[in-house]
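Notes to accompany the following structure.
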Amino acid sequence: MKAIRSDSEISAIAESCEIAALVLQYLVDSTSEGITTYDIDQLGKEKIAEYGAKSACYNYRHGANIFPAYTCISVNEEIVHGIGRIDRTVQNGDIISLDVCVNYNGYIGDNARTIAIGSVDPKIENLLEDTQNALLKGIERVRPGNRVGDISNAIESFIQPKGYGIVRDFVGHGVGKTMHELPQIPNFGKKGTGPLLKPGMALAIEPMINLGSPNIRFLEDGWTAVTADKQPSAHFEHTVLVTDGDPKILTKVKN
Ligand code: MF3
Ligand code: CO
C-alpha cells in the first residue's frame, strides 16, 4: 500500500487540511435559522476559492453520477453527501452536517462536523456529542504499530453500548492526491486487524452514527444517503497524520 507520504507531500496535505478546516469553521459560523442549504454551499464555494483551493466534491464522479455541489450539506435524517437546495431553509431544531473536502496544490484535506440549530431534542444533542467523542476515541488509536482495526474498534466499542446505529455503508479513508485512498477505515472492527499504521499516513476518520437503525437508503438525486427509519444521523470527520508519536489532527483550526 502506497499510503506513506513523503515530507513534501505531508506539508501539502497539511496546507490543504488547514484550508478545509478554515472553510468548515466559516460554514459553521454562517449557518443559522433562515439560511438555505444552497446559500451555505455557495458560501463554501466562495471561501474555498478565496483560499486558492478547489472543491474536491464538485464534479466528483461515482459511476454515472456527478456531484453537483461544492460541499456536502446533510440535514437531520440525511447522513452524508447531501446537496444544498434553495427550497431547504435551516430551521430551529435541525441538525446540519457540513462536510468540506478541498484540493489545494494537488492534495486533499477533508473534514466534517454536525451542528445543532437552536434548541434540539436532548437525545439528539447527545448523539452529536457522542459521535464527536467517538471520532476522538478513534484518533487516540492513530499511532505507529497500531492497525486500522484498532481505530475501528475504538469507535465501535464506544458507540455500541449507547445503542446507536453505526453506518456500515461508508468508511473513512486515506487522503493524498485523491479523496478516497487506501486504507479504508470502517467505523466497526476488531482490534489488531487490518493494515498496519506507519508514520506518514494521512487518514480521514469519519464516524457516521444514527440515532436509530444503521440502515440507509439513497434519495432520488443518487447521492444523499438518509437513514432508512428517518431518524437523525451525525457525522464528524478529521484528517489525521500518523507520526512517530502522538496523532496529529491536520484539520484542527489553529487559534
Ligand atoms: N468527505 C466526503 C467523503 O469522504 C466528501 C464526499 S464529496 C462527494 O465521502 F462528492 F462524494 F459527495
Ligand atoms: Co471523508
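Tabulated values for the structure
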| item | result |
| --- | --- |
| Nonlocal amide H pairs with GLY172, under 5 Å, H built at 1.01 Å | ILE185, ASN187, GLU206 |
| Length-normalised contact order for segment 147-238 - Cα pairs under 8 Å, 6+ apart - percent | 31 percent |
| Among the listed pairs LYS162/LYS230; LYS45/LYS254; LYS47/LYS177; LYS198/LYS254; LYS47/LYS137; LYS54/LYS190, those beyond 29 Å (Cα-Cα) | LYS47/LYS137; LYS54/LYS190 |
| Where labels lie 7 Å past Cα in the beta-carbon direction, separation of LEU219 and ASN65 in nm | 1.1 nm |
| MRE, 222 nm, helices only [DSSP H, n ≥ 4, -39500 (n - 2.57), over the chain, to nearest 500] | -9000 deg cm²/dmol |
| Segment 7-249 - charge dipole about Cα centre, Lys and Arg +1 at Cβ, Asp and Glu -1, debye rounded to 20 | 740 debye |
| Alpha-carbon centroid distance for the pair segment 200-255 / segment 1-45, whole angstrom | 14 Å |
| Fewest-first sequence of VAL142, VAL175 by Cβ atoms within 10 Å of each Cβ | VAL142, VAL175 |
| Packing-based ranking, highest mean first, of 220-230, 9-19 given that Cβ atoms within 10 Å are counted | 9-19, 220-230 |
| Gaussian network model of the chain, Cα within-10 Å springs - most flexible of ILE209, ILE66, ILE108 | ILE66 |
| For the chain, the spread of Cα positions along each principal axis, largest first, Å | 47, 44, 41 |
| Stretch gain in nm, segment LYS230-GLU33, where the contour uses 0.36 nm per residue and the Cα spacing is subtracted | 68.8 nm |
| Value of relative contact order over the chain, rounded to a whole percent, pairs C-alpha under 8 Å and six or more apart | 23 percent |
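Each reported figure results from applying straightforward, stated rules to the coordinates on display, with no laboratory input. Predicted, not measured: the structure shown is a model, and the values here were computed from it. Note: ideal-geometry Cβ built from the backbone for every residue, glycine included; neighbour counts use all protein chains shown.
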